[in-house]
Amino acid sequence: MKKILLALTAVAAMTGSASAADLGPRPYVKAPAPAPVANWTGFYIFGGGGGGLSNADQSVVDTATGTPLTITQRQGGSGWFGTVGAGYDWQFSGTWVAGVFADGQFGSIRSTIQDPIFDITGSQKLETSWAAGVRLGWLVAPNVLSYVNGGYSGAHFGQTNFTDLAGAPVGVHLASYNRNGWFVGGGVENSLNIFGITSPGWFMKTEYRSAFYDTKTRDELFDVGNVPTGNSIRANSWNQTISTSLVYRFNWTGPVVAKY
């Protein structure tokens, strides 16, 4: 019996060795591709809207001499606006994104203008503004960018028509004018490829911006003949806005995958 078992074991060993030799080398298996990486470099356009607050530190001064006639007081207001713009981003060092952009806003953000000497009041309307700046962001996730921005901003304010305390026109106005200033802000931009919906190239961004415009002195004018009343309004302007925009990135045709 022992001789039979030993013989079977020897036969099995030789059969296994022969089979292994006949198999040859193992076939080559390609390494799995790395995970897709989003690429933020390229041009984009956007459009959206939001709301804003306007504040101004203002006083009444003598038109001829510039002598202050009242103390400086802060007046404010609020309103809405729409926005459109375009830009270009560069992704670097893996998770950092830098870019340049320009945009314009249009709408109706109003703030109060008052002259307590004549007991008259009016509403100043921020009709349009424009900005050009830079932004720097960090990728919280491959498709989510958190950023800060800043740069130049200009604004156009419409004509202010004064009324008395009862709301009746008094025939006095401030002419429309432009202002220069600067802004700082920040926001979050994310891909709309969420909830199982595929939307290559489409993003959404929500942004806060604070714009500061230089101090300017404007003469109060009679409607008839634009003759100065003798009083002028001296004020700066500070506007805060929050907007949400739909963004389209021209280069975004899906994640970039490394090739071998």
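The local environment of GLY66, defined by Cβ-Cβ distances under 15 Å, has a net charge of 0 under the rule Lys, Arg +1 and Asp, Glu -1. Between the amide H of VAL172 and those of PHE162, ASP223, distances stay under 5 Å, these residues lying 5 or more places away or on another chain, with hydrogens modeled in the peptide plane. Probing with 1.4 Å while keeping every protein chain in the model, the per residue accessible area of region 97-138 equals 41 Å².
Ordering ARG110, ARG74 by accessible surface, largest first, gives ARG74, ARG110; the 1.4 Å probe counts only protein heavy atoms, with every chain in place.
Only protein atoms count toward the accessible area here, which uses a 1.4 Å probe; on region 32-167, the carbon and sulfur part of that area reaches 64 percent.
Given Cα positions, please report Rg to Rh for region 40-118, the hydrodynamic radius being the Kirkwood one. A ratio of 1.26.
Taking the Cβ of ASP119 as the center, what net charge do the other residues with Cβ under 15 Å away carry, scoring Lys and Arg +1 and Asp and Glu -1? Don't skip to the answer; put the middle values down first.
Details: positive: none; negative: ASP115, ASP164, GLU220.
My count for the surroundings of ASP119 gives -3.
Counting heavy atoms of the protein chains alone, VAL100 has an accessible area of about 60 Å² for a 1.4 Å probe.
The values are calculated or read from the model by the stated rules, or taken from the named source; none is laboratory data. The structure displayed is predicted, hence computed values, not measured ones. Note that we place each Cβ from the backbone using ideal geometry, even for glycine, and neighbour counts take in every protein chain shown. SASA here: full protein model, heavy atoms, side chains in, ligands and nucleic acids out. Shrake-Rupley method; radii C 1.70, N 1.55, O 1.52, S 1.80 Å.
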